[in-house]
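Enquirer: First the structure, then my questions, so here it is.
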Amino acid sequence: MQVRDRIEAEIAAAGGWISFARYMQLALHEPGVGYYASGARKFGPGGDFVTAPELGSLFGRTLARELRSFERILEIGAGSGALAEVLADLLPEGREYLILETSADLIRRQKEKLGNRVRHIERLPERFRGAVIANEVVDAIPVHMVHWTAGGIMERGVCAGLQWADRAASGELLDAARAIEVPVPYVSELALEARAWMRTVVAALEQGAVFVIDYGFPRHEYYHPQRSSGTLMCHHRHQAHADPFARPGEEDLTAHVDFTALAEAAHDAGGEILGYTSQAQFLVNCGITEVLGEANADNALHYAPIASEAQKLLSPAEMGELFKVLAVGKGVARLTGFTRGDRRASL
(Lines give C-alpha, C1' and ligand atoms only; values in the text may rest on other atoms or scores of the structure.)
Protein backbone atom coordinates (compact mmCIF):
# COMPACT_ATOMS: atom_id res chain seq x y z
CA MET A 1 0.00 0.00 0.00
CA GLN A 2 1.37 3.41 -0.98
CA VAL A 3 1.38 6.19 1.61
CA ARG A 4 -1.37 8.12 -0.25
CA ASP A 5 -3.65 5.08 -0.03
CA ARG A 6 -2.73 4.60 3.62
CA ILE A 7 -3.64 8.23 4.38
CA GLU A 8 -6.92 8.08 2.45
CA ALA A 9 -7.88 4.90 4.33
CA GLU A 10 -7.20 6.55 7.67
CA ILE A 11 -9.22 9.63 6.70
CA ALA A 12 -12.17 7.40 5.78
CA ALA A 13 -11.87 5.38 8.99
CA ALA A 14 -11.80 8.61 11.02
CA GLY A 15 -15.04 9.89 9.50
CA GLY A 16 -13.58 12.05 6.73
CA TRP A 17 -11.03 14.22 8.56
CA ILE A 18 -7.64 13.88 10.26
CA SER A 19 -5.42 16.51 11.82
CA PHE A 20 -2.52 17.78 9.75
CA ALA A 21 -0.17 16.50 12.46
CA ARG A 22 -1.47 12.98 11.79
CA TYR A 23 -1.13 13.50 8.03
CA MET A 24 2.48 14.65 8.50
CA GLN A 25 3.23 11.66 10.74
CA LEU A 26 1.95 9.25 8.09
CA ALA A 27 3.61 11.01 5.15
CA LEU A 28 7.02 11.21 6.82
CA HIS A 29 7.28 8.42 9.36
CA GLU A 30 4.79 5.61 8.62
CA PRO A 31 6.85 2.37 8.68
CA GLY A 32 7.58 1.03 5.22
CA VAL A 33 5.93 3.79 3.21
CA GLY A 34 6.66 7.17 4.87
CA TYR A 35 9.33 9.46 3.45
CA TYR A 36 11.95 8.74 6.10
CA ALA A 37 11.03 5.04 6.23
CA SER A 38 11.46 4.37 2.50
CA GLY A 39 14.67 3.46 0.68
CA ALA A 40 14.98 6.54 -1.53
CA ARG A 41 18.05 8.72 -1.04
CA LYS A 42 17.19 11.86 0.91
CA PHE A 43 20.41 13.60 1.94
CA GLY A 44 23.18 15.25 -0.03
CA PRO A 45 23.53 16.40 -3.66
CA GLY A 46 21.76 13.30 -4.98
CA GLY A 47 18.83 13.59 -2.57
CA ASP A 48 16.21 16.19 -1.75
CA PHE A 49 18.14 18.51 0.57
CA VAL A 50 21.58 19.11 2.07
CA THR A 51 22.17 19.42 5.81
CA ALA A 52 25.23 21.11 7.34
CA PRO A 53 27.11 17.82 7.96
CA GLU A 54 26.57 16.83 4.31
CA LEU A 55 28.58 19.84 3.11
CA GLY A 56 31.84 18.38 4.48
CA SER A 57 33.64 17.86 7.78
CA LEU A 58 33.96 21.51 8.86
CA PHE A 59 30.64 21.64 10.75
CA GLY A 60 31.38 18.45 12.68
CA ARG A 61 34.99 19.36 13.41
CA THR A 62 33.88 22.69 14.86
CA LEU A 63 31.00 21.19 16.87
CA ALA A 64 33.42 18.61 18.31
CA ARG A 65 35.28 21.42 20.09
CA GLU A 66 32.10 22.09 22.14
CA LEU A 67 31.36 18.44 22.81
CA ARG A 68 34.75 17.21 24.06
CA SER A 69 33.92 17.85 27.71
CA PHE A 70 30.83 15.61 27.69
CA GLU A 71 31.21 11.99 28.75
CA ARG A 72 28.69 10.60 26.24
CA ILE A 73 27.07 11.77 23.02
CA LEU A 74 23.55 10.90 21.92
CA GLU A 75 22.53 11.96 18.43
CA ILE A 76 18.80 11.88 17.76
CA GLY A 77 17.91 11.44 14.10
CA ALA A 78 21.39 10.97 12.61
CA GLY A 79 20.27 11.03 8.96
CA SER A 80 22.95 9.69 6.65
CA GLY A 81 25.42 9.42 9.54
CA ALA A 82 27.61 12.22 8.17
CA LEU A 83 27.85 14.10 11.48
CA ALA A 84 28.44 10.96 13.53
CA GLU A 85 31.20 9.92 11.14
CA VAL A 86 33.16 13.09 11.91
CA LEU A 87 32.39 13.37 15.63
CA ALA A 88 33.00 9.73 16.52
CA ASP A 89 36.56 10.01 15.17
CA LEU A 90 37.36 13.33 16.85
CA LEU A 91 36.02 12.86 20.38
CA PRO A 92 38.42 11.62 23.08
CA GLU A 93 39.02 7.89 23.18
CA GLY A 94 36.53 5.97 25.27
CA ARG A 95 33.65 8.43 24.75
CA GLU A 96 30.49 6.55 23.81
CA TYR A 97 28.52 7.73 20.77
CA LEU A 98 24.87 6.66 20.71
CA ILE A 99 22.31 7.09 17.93
CA LEU A 100 18.55 7.06 18.40
CA GLU A 101 16.91 6.63 15.00
CA THR A 102 13.30 5.72 14.18
CA SER A 103 13.77 4.82 10.49
CA ALA A 104 14.81 1.22 9.84
CA ASP A 105 16.17 2.24 6.43
CA LEU A 106 18.34 4.99 7.91
CA ILE A 107 19.57 2.69 10.68
CA ARG A 108 20.77 0.24 8.01
CA ARG A 109 22.55 3.01 6.09
CA GLN A 110 24.13 4.39 9.26
CA LYS A 111 25.44 0.98 10.30
CA GLU A 112 26.96 0.46 6.86
CA LYS A 113 28.79 3.79 7.11
CA LEU A 114 29.76 3.84 10.79
CA GLY A 115 30.31 0.20 11.75
CA ASN A 116 31.17 -0.25 15.41
CA ARG A 117 32.15 3.38 16.00
CA VAL A 118 28.64 4.07 17.30
CA ARG A 119 25.94 2.17 19.13
CA HIS A 120 22.28 2.34 18.13
CA ILE A 121 19.62 2.36 20.82
CA GLU A 122 15.89 1.76 20.38
CA ARG A 123 14.54 4.24 22.91
CA LEU A 124 15.57 7.28 24.90
CA PRO A 125 17.45 6.27 28.07
CA GLU A 126 15.50 6.84 31.29
CA ARG A 127 18.55 8.66 32.66
CA PHE A 128 21.31 10.19 30.58
CA ARG A 129 24.47 12.16 31.30
CA GLY A 130 26.18 13.85 28.39
CA ALA A 131 25.31 15.83 25.27
CA VAL A 132 22.23 15.28 23.11
CA ILE A 133 22.37 16.51 19.51
CA ALA A 134 19.30 17.10 17.33
CA ASN A 135 20.47 18.55 14.01
CA GLU A 136 17.56 19.29 11.65
CA VAL A 137 15.28 16.94 13.57
CA VAL A 138 12.64 19.18 15.13
CA ASP A 139 11.58 20.68 11.78
CA ALA A 140 10.27 17.23 10.79
CA ILE A 141 8.27 16.62 13.98
CA PRO A 142 4.56 16.78 13.01
CA VAL A 143 2.80 20.09 13.58
CA HIS A 144 -0.85 21.10 13.90
CA MET A 145 -2.16 23.73 11.51
CA VAL A 146 -4.25 26.54 12.98
CA HIS A 147 -6.49 29.04 11.19
CA TRP A 148 -7.26 32.15 13.21
CA THR A 149 -10.45 33.71 11.81
CA ALA A 150 -12.85 36.50 12.76
CA GLY A 151 -15.32 33.81 13.80
CA GLY A 152 -12.94 31.88 16.03
CA ILE A 153 -9.91 29.60 16.08
CA MET A 154 -10.04 26.62 13.72
CA GLU A 155 -7.85 23.57 13.33
CA ARG A 156 -6.93 23.04 9.70
CA GLY A 157 -6.87 19.34 8.88
CA VAL A 158 -7.05 17.02 5.88
CA CYS A 159 -10.16 15.52 4.28
CA ALA A 160 -10.78 12.99 1.50
CA GLY A 161 -8.93 13.74 -1.72
CA LEU A 162 -6.10 15.26 0.33
CA GLN A 163 -7.60 18.72 0.70
CA TRP A 164 -7.60 21.24 3.52
CA ALA A 165 -10.65 21.29 5.81
CA ASP A 166 -11.22 23.37 8.95
CA ARG A 167 -13.00 22.40 12.13
CA ALA A 168 -13.24 24.15 15.49
CA ALA A 169 -10.03 23.87 17.51
CA SER A 170 -10.31 22.34 20.96
CA GLY A 171 -8.36 21.20 24.00
CA GLU A 172 -4.62 21.83 24.30
CA LEU A 173 -4.41 23.15 20.75
CA LEU A 174 -7.09 25.77 21.37
CA ASP A 175 -5.45 26.84 24.63
CA ALA A 176 -2.06 27.22 22.90
CA ALA A 177 -3.57 29.11 19.96
CA ARG A 178 -5.41 31.55 22.24
CA ALA A 179 -2.09 32.54 23.80
CA ILE A 180 -0.76 33.77 20.44
CA GLU A 181 -1.83 37.20 19.20
CA VAL A 182 -2.06 37.41 15.42
CA PRO A 183 -4.13 39.48 12.97
CA VAL A 184 -7.00 37.60 11.33
CA PRO A 185 -7.17 35.81 9.02
CA TYR A 186 -3.92 34.04 9.83
CA VAL A 187 -2.67 30.49 9.23
CA SER A 188 0.34 28.94 10.92
CA GLU A 189 1.67 25.93 12.75
CA LEU A 190 1.61 24.94 16.41
CA ALA A 191 4.25 22.41 17.40
CA LEU A 192 2.61 20.57 20.29
CA GLU A 193 4.55 17.38 19.59
CA ALA A 194 7.88 19.19 19.48
CA ARG A 195 7.15 20.66 22.91
CA ALA A 196 6.35 17.18 24.25
CA TRP A 197 9.54 15.84 22.65
CA MET A 198 11.65 18.49 24.36
CA ARG A 199 10.04 17.86 27.75
CA THR A 200 10.74 14.13 27.40
CA VAL A 201 14.39 14.60 26.41
CA VAL A 202 15.12 17.12 29.18
CA ALA A 203 13.32 15.02 31.79
CA ALA A 204 15.65 12.12 30.96
CA LEU A 205 18.74 14.32 31.27
CA GLU A 206 20.46 13.99 34.65
CA GLN A 207 23.40 16.20 33.74
CA GLY A 208 24.47 17.64 30.43
CA ALA A 209 23.08 19.62 27.52
CA VAL A 210 20.65 19.27 24.60
CA PHE A 211 21.70 21.04 21.40
CA VAL A 212 18.89 21.76 18.92
CA ILE A 213 20.25 22.99 15.59
CA ASP A 214 17.60 23.93 13.07
CA TYR A 215 15.99 26.71 11.07
CA GLY A 216 13.43 28.82 12.87
CA PHE A 217 12.66 31.86 14.99
CA PRO A 218 11.72 33.00 18.47
CA ARG A 219 7.93 33.24 18.88
CA HIS A 220 7.58 36.99 18.23
CA GLU A 221 9.24 36.50 14.83
CA TYR A 222 7.56 33.18 14.06
CA TYR A 223 4.06 34.66 14.36
CA HIS A 224 4.93 37.97 12.71
CA PRO A 225 1.94 39.69 11.03
CA GLN A 226 3.63 39.36 7.62
CA ARG A 227 4.13 35.58 8.04
CA SER A 228 0.39 34.96 7.75
CA SER A 229 0.60 31.74 5.72
CA GLY A 230 2.90 29.85 8.09
CA THR A 231 6.25 28.23 7.36
CA LEU A 232 5.23 24.84 5.99
CA MET A 233 7.60 23.77 3.21
CA CYS A 234 8.26 20.72 1.05
CA HIS A 235 11.65 19.73 -0.41
CA HIS A 236 12.06 17.57 -3.52
CA ARG A 237 15.27 17.29 -5.54
CA HIS A 238 16.55 20.54 -4.02
CA GLN A 239 13.42 22.42 -5.04
CA ALA A 240 11.15 23.93 -2.38
CA HIS A 241 7.39 24.41 -2.63
CA ALA A 242 4.43 24.84 -0.27
CA ASP A 243 1.95 22.12 -1.34
CA PRO A 244 2.11 19.31 1.27
CA PHE A 245 -0.26 17.13 -0.78
CA ALA A 246 1.78 17.08 -4.01
CA ARG A 247 3.91 13.98 -3.34
CA PRO A 248 3.10 12.45 0.06
CA GLY A 249 5.80 10.01 1.10
CA GLU A 250 8.10 11.07 -1.74
CA GLU A 251 9.41 14.38 -0.41
CA ASP A 252 10.42 16.04 2.83
CA LEU A 253 7.79 18.06 4.69
CA THR A 254 8.94 20.55 7.29
CA ALA A 255 7.95 23.52 9.43
CA HIS A 256 10.28 26.09 10.94
CA VAL A 257 11.01 25.74 14.65
CA ASP A 258 9.42 27.93 17.33
CA PHE A 259 12.45 28.13 19.61
CA THR A 260 10.49 29.94 22.31
CA ALA A 261 8.15 26.96 22.60
CA LEU A 262 11.12 24.59 22.93
CA ALA A 263 12.75 26.78 25.58
CA GLU A 264 9.52 26.91 27.58
CA ALA A 265 9.11 23.13 27.33
CA ALA A 266 12.67 22.59 28.53
CA HIS A 267 12.09 24.90 31.48
CA ASP A 268 8.89 23.02 32.35
CA ALA A 269 10.94 19.81 32.51
CA GLY A 270 13.49 21.30 34.89
CA GLY A 271 16.05 22.41 32.32
CA GLU A 272 18.01 25.64 32.16
CA ILE A 273 18.40 27.71 28.99
CA LEU A 274 22.16 27.58 28.34
CA GLY A 275 22.22 29.67 25.18
CA TYR A 276 20.51 30.63 21.93
CA THR A 277 22.18 32.18 18.91
CA SER A 278 22.60 31.95 15.16
CA GLN A 279 24.49 29.02 13.68
CA ALA A 280 27.14 31.41 12.37
CA GLN A 281 27.75 32.97 15.79
CA PHE A 282 27.81 29.57 17.48
CA LEU A 283 30.38 28.17 15.04
CA VAL A 284 32.57 31.29 15.30
CA ASN A 285 32.47 31.06 19.09
CA CYS A 286 33.42 27.38 18.90
CA GLY A 287 36.48 28.21 16.80
CA ILE A 288 35.59 27.59 13.17
CA THR A 289 38.30 30.06 12.12
CA GLU A 290 40.89 27.97 13.96
CA VAL A 291 39.59 24.83 12.26
CA LEU A 292 39.85 26.60 8.91
CA GLY A 293 43.37 27.63 9.84
CA GLU A 294 44.36 23.98 10.10
CA ALA A 295 43.74 23.59 6.36
CA ASN A 296 46.48 24.25 3.86
CA ALA A 297 45.48 27.56 2.29
CA ASP A 298 48.33 27.26 -0.23
CA ASN A 299 46.78 24.15 -1.76
CA ALA A 300 43.84 25.49 -3.78
CA LEU A 301 42.41 22.06 -4.57
CA HIS A 302 42.27 21.26 -0.87
CA TYR A 303 41.33 24.65 0.52
CA ALA A 304 38.69 25.87 -1.98
CA PRO A 305 36.02 23.29 -1.00
CA ILE A 306 36.57 24.00 2.70
CA ALA A 307 36.28 27.75 2.14
CA SER A 308 33.06 27.17 0.16
CA GLU A 309 31.68 25.04 3.00
CA ALA A 310 32.49 27.78 5.51
CA GLN A 311 30.70 30.35 3.35
CA LYS A 312 27.52 28.22 3.28
CA LEU A 313 27.64 27.60 7.03
CA LEU A 314 28.30 31.21 8.03
CA SER A 315 26.76 33.51 5.41
CA PRO A 316 23.51 35.25 6.40
CA ALA A 317 22.31 34.55 2.85
CA GLU A 318 22.88 30.80 3.30
CA MET A 319 22.60 28.88 6.62
CA GLY A 320 24.35 31.33 8.95
CA GLU A 321 21.35 33.36 10.15
CA LEU A 322 18.23 31.30 9.42
CA PHE A 323 19.68 28.34 11.31
CA LYS A 324 19.83 28.73 15.08
CA VAL A 325 21.36 26.79 17.95
CA LEU A 326 19.45 26.36 21.21
CA ALA A 327 21.13 24.65 24.15
CA VAL A 328 19.28 23.62 27.30
CA GLY A 329 20.48 21.44 30.11
CA LYS A 330 21.24 20.66 33.70
CA GLY A 331 24.43 21.10 35.71
CA VAL A 332 26.40 22.77 32.89
CA ALA A 333 28.22 25.93 33.88
CA ARG A 334 29.22 27.42 30.55
CA LEU A 335 29.25 26.57 26.86
CA THR A 336 31.80 28.03 24.46
CA GLY A 337 29.30 28.39 21.63
CA PHE A 338 27.42 31.19 23.40
CA THR A 339 30.25 33.31 24.80
CA ARG A 340 29.36 36.11 22.37
CA GLY A 341 26.10 37.02 20.67
CA ASP A 342 23.83 35.03 23.00
CA ARG A 343 20.21 35.86 22.10
CA ARG A 344 18.41 33.96 24.85
CA ALA A 345 16.76 37.22 25.97
CA SER A 346 14.83 37.22 22.66
CA LEU A 347 13.09 33.93 23.42
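Enquirer: Give me the distance between the Cα centres of region 304-318 and region 106-174, rounded to whole Å.
Expert: That distance is 29 Å.
Enquirer: Where does region 297-347 land on the Kirkwood hydrodynamic radius, alpha-carbon pairs, in angstrom? Each step should come with its number before you reach the end.
Expert: Values: mean 1/r = 0.0734 Å⁻¹.
Over region 297-347, the inverse of the mean reciprocal pair distance is 13.6 Å.
Enquirer: Right, next: For region 118-207, what is the Kirkwood estimate of the hydrodynamic radius, computed as the reciprocal of the mean inverse distance between distinct Cα atoms, to one decimal in Å?
Expert: Values: mean 1/r = 0.0642 Å⁻¹.
Taking every pair of different Cα atoms in region 118-207, averaging 1/r and inverting gives 15.6 Å.
Enquirer: Along the Cα-to-C-beta direction of Ser228, a point sits 7 Å from the Cα; which residues of region 156-184 have their amide N less than 17 Å from that point?
Expert: Under cut-off, by backbone N: 181-184.
Enquirer: Can you list the aspartates and glutamates whose alpha carbon sits under 19 Å from that of Lys330, skipping same-chain ones fewer than 8 residues off?
Expert: Correct list for Lys330: Glu66, Glu71, Glu75, Glu126, Glu206, Glu264, Asp268, Glu272, Asp342.
Enquirer: Something else now. With a 1.4 Å probe and all protein chains kept in place, how do Lys330, Lys113 rank by accessible area, largest first? Walk me through the numbers on the way to the answer.
Expert: Values: Lys330 45, Lys113 80 Å².
Listed by decreasing accessible area, they come as Lys113, Lys330.
Enquirer: Can I ask one more? For region 138-194, which whole percent of the accessible surface, found with a 1.4 angstrom probe, sits on carbon and sulfur atoms? Walk me through the intermediate numbers first.
Expert: Working: 1250 of 2420 Å².
Solvent-exposed carbon and sulfur of region 138-194 make up 52 percent of the total.
Enquirer: Among (1) 26; (2) 31; (3) 22, which is the computed percent of Cα pairs over 35 Å apart?
Expert: Given (1) 26; (2) 31; (3) 22, the calculated one carries the label (3).
Enquirer: Report, in debye and to the nearest 20, how large the dipole of region 237-278 comes out about its Cα centre when Lys and Arg carry +1 and Asp and Glu carry -1 on their Cβ. Working shown, then result.
Expert: Details: 2 positive and 8 negative charges, 38 e Å.
Roughly 180 debye, rounded to the nearest 20.
Enquirer: With every protein chain left in place and a probe of 1.4 Å, what is the accessible surface of Phe259, to the nearest 10 Å²?
Expert: 0 Å²
Enquirer: Only Lys, Arg, Asp and Glu count, each charged at its Cβ (+1, +1, -1, -1), so figure out the dipole size of region 101-237 about its Cα centre, rounded to 20 debye. Walk me through the numbers on the way to the answer.
Expert: Values: 17 positive and 17 negative charges, 104 e Å.
Its charge dipole is roughly 500 debye.
Enquirer: Sticking with this structure for a sec: What is the Cα convex hull volume of region 180-253 when expressed per residue in Å³? Show your work: numbers first, answer last.
Expert: Working: hull volume 10.5 nm³, N = 74.
Normalising the Cα hull of region 180-253 by residue number yields 141 Å³.
Enquirer: Taking GluC sites (Glu not before Pro) as exposed when DSSP calls them loop (any state but H, G, I, E, B) and at most 11 other Cβ atoms lie within 10 Å, what is the longest stretch of the chain free of them, the sites themselves excluded?
Expert: On the way: sites that count: Glu93, Glu122, Glu126, Glu181, Glu294.
Here the longest run is 182-293.
Enquirer: Determine the sum of side-chain charges near Arg219: Lys and Arg each +1, Asp and Glu each -1, restricted to other residues whose C-beta is under 11 angstrom from that of Arg219. Don't skip to the answer; put the middle values down first.
Expert: Values: positive: none; negative: Glu181, Glu221, Asp258, Glu264.
Taking every other residue near Arg219 into account, the sum is -4.
Enquirer: Using the Cβ atoms and a cut-off under 9 Å, what net charge is assigned to the surroundings of Phe259, where Lys and Arg are +1 and Asp and Glu are -1?
Expert: Values: positive: Arg219, Lys324; negative: Asp214, Asp258.
Counting the neighbours of Phe259, the net charge comes to 0.
Enquirer: How much accessible area does Phe128 have with a 1.4 Å probe, in Å² rounded to the nearest 10?
Expert: Only protein atoms counted, so the area is about 10 Å².
The values are calculated or read from the model by the stated rules, or taken from the named source; none is laboratory data. Nothing here was measured: the structure is a model prediction, and the numbers come from that model. Using ideal geometry, Cβ is built from the backbone for each residue, glycine included, and neighbour counts are taken over all protein chains shown. What goes into the accessible areas is simple: the full protein's heavy atoms, side chains included, and nothing from ligands, DNA or RNA. Shrake-Rupley method; radii C 1.70, N 1.55, O 1.52, S 1.80 Å.
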